[in-house]
Amino acid sequence: MESEQQMSKQLREFQEHLKKSKKIVALVGAGLSVSSGLPTFRGSQGLWKNFNMIDLATPDAFYIDPGLVWQFYSWRRVSALKARPNRGHLALSKLSNLSSNRDNGKKVDYITITQNVDGLSSRSNHCKDNLYEIHGSLFNLKCTSFMCNYVDRNNFKHPLTKALADTEDEYEKKNRKRTLEEIEQQDLSISPQFKPVVQLTESDLPQCPVCKDGSLLRPGVVWFGESLPLNVITKIDNFIESETPVDLVLVIGTSGTVYPANSYVDRIKLKGGKVAIFNTDIEEDILQGKVKDTWGFRGDAAELLPVALEPLIGEI
Ligand code: OAD
Ligand code: ZN
């Protein structure tokens, strides 16, 4: 357990560097949305109806059972719609608008790279120009036909089809009001009493309005093994590799297990940037200040970020 003293020493050093930083990147993962009520992928929370969420986020899973995968995404859509951005989202949103508002004298070049598809950053009034949703969005739908490039953006309809109605409501009721502590303390040995997954056929699922053969629509998210949107990746590369190096990368609520998101931190470090980690789970060496140019803040990102970033963004 880190001592209060160690924490405040880290905070002091971090904030000194923050105030001097001219160029900042935030790399965001599922942990940022936990206190909004949305689960992470890995660890104790990563189950949906006893399926491992990571197994469902693949092209293979969709190919084998599109009805199952669509039920999973329908649940994620409605959970995200019912969730509200938290104080962590708001802190980053303020940082993003600081960079676009050059009149306040605080010139900060800033981008948020989020792996989250829940849309909470964009709903927190984050500046659109410096928000990169590298894994796409639950609220974009795209055609699965190779010959068709139909995309329906910002579709917030629920349910998307009659058959997809209600498949997630039970989970939602159970989880909505749980505190972070309750989520962390849940007993995994007890199987949640979900309704079993309903078998759906293709005609029950969202279909492309353009394709004559009724091709399926799929969620507009990046699945394992798929490539990330090239235009977005190029913009991020340009930001990180440009002549002025990034001074600081905030690594927020991510396990850092997925490429290329995890590579950004090392690339920034190589060019002299410093790292600040906000996570409920942080290595002891980092907490004790033993890792060079790296600060660690252990706890809920929604609580930590407004405090840590206050010298730049003011009070929330
Ligand atoms: P993970 O589930 O891998 O990691 C979540 C991280 O958040 C872990 O390091 C937790 O310790 C941390 N965490 C949990 N609660 C937190 C809290 N309240 N405050 C701060 N941190 C907290 O999620 P990601 O790193 O986002 O990709 O996963 C990356 C990608 O893998 C996802 O975008 C998704 C997934 O498969 C695709 O679907 C392509
Ligand atoms: Zn189509």
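The values are calculated or read from the model by the stated rules, or taken from the named source; none is laboratory data. Remember, it's a predicted structure, so these values are computed and weren't measured experimentally. All Cβ positions, glycine included, derive from the backbone under ideal geometry; neighbour counts span all protein chains shown. Just the protein is used for accessible areas: all its heavy atoms, side chains included, with ligands, DNA and RNA removed. Shrake-Rupley method; radii C 1.70, N 1.55, O 1.52, S 1.80 Å.
Could you work out, for region 1-126, what percent of all Cα-Cα pairs fall into each 5 Å distance bin, beginning at 0 Å and stopping at the bin that holds the largest distance? Histogram of Cα-Cα distances, whole percents per bin: 2, 9, 15, 16, 15, 14, 11, 8, 6, 3, 1.
Atom-type composition of the exposed protein surface of the chain places 51 percent of the accessible area on carbon and sulfur (1.4 angstrom probe). Taking amide H as placed 1.01 Å from N in the peptide plane, the amide H of Gly136 sits under 5 Å from that of Val222, each at least 5 places away or on another chain. The convex hull of the Cα atoms of the chain, projected and averaged over all directions, covers 17.1 nm².
Using a 10 angstrom Cβ neighbour count of at most 14 plus a DSSP loop assignment to flag exposed GluC sites (Glu not before Pro), which longest range of the chain is free of such sites? The partial results should precede the final answer.
Values: sites that count: Glu226, Glu243, Glu283, Glu315.
My reading of the result: 1-225 is the longest stretch.
Counting DSSP beta bridges with both partners in the chain, what percentage is antiparallel, nearest 5? The answer is about 25 percent antiparallel. For region 222-316, what percent of Cα pairs sit more than 18 Å apart? Tail fraction, whole percent: 55. Taking Cβ separations below 4.7 Å as the criterion for a possible disulfide partner, the isolated cysteines in the chain are Cys127.
Restricting to Cα pairs below 8 Å that are 6+ residues apart, what does the relative contact order work out to for the chain? Please round to a whole percent. Show your work: numbers first, answer last.
Working: 522 pairs, mean separation 85.2, N = 316.
Across the chain, relative contact order equals 27 percent.
Counting only trypsin sites (Lys or Arg not before Pro) that are in a DSSP loop and have at most 16 other C-beta atoms within 10 Å, tell me the longest site-free stretch of the chain. Walk me through the numbers before you get to the answer.
Working: sites that count: Lys22, Arg42, Lys106, Lys107, Arg153, Lys157, Arg176, Lys177, Arg178, Lys212, Lys271, Lys290, Lys292.
Longest stretch, sites excluded: 43-105.
Could you give the dipole magnitude of the chain about its Cα centre, charging the beta-carbon of Lys and Arg +1 and that of Asp and Glu -1, in debye to the nearest 20?
Numbers: 39 positive and 40 negative charges, 186 e Å.
The dipole of the chain has a size of about 900 debye.
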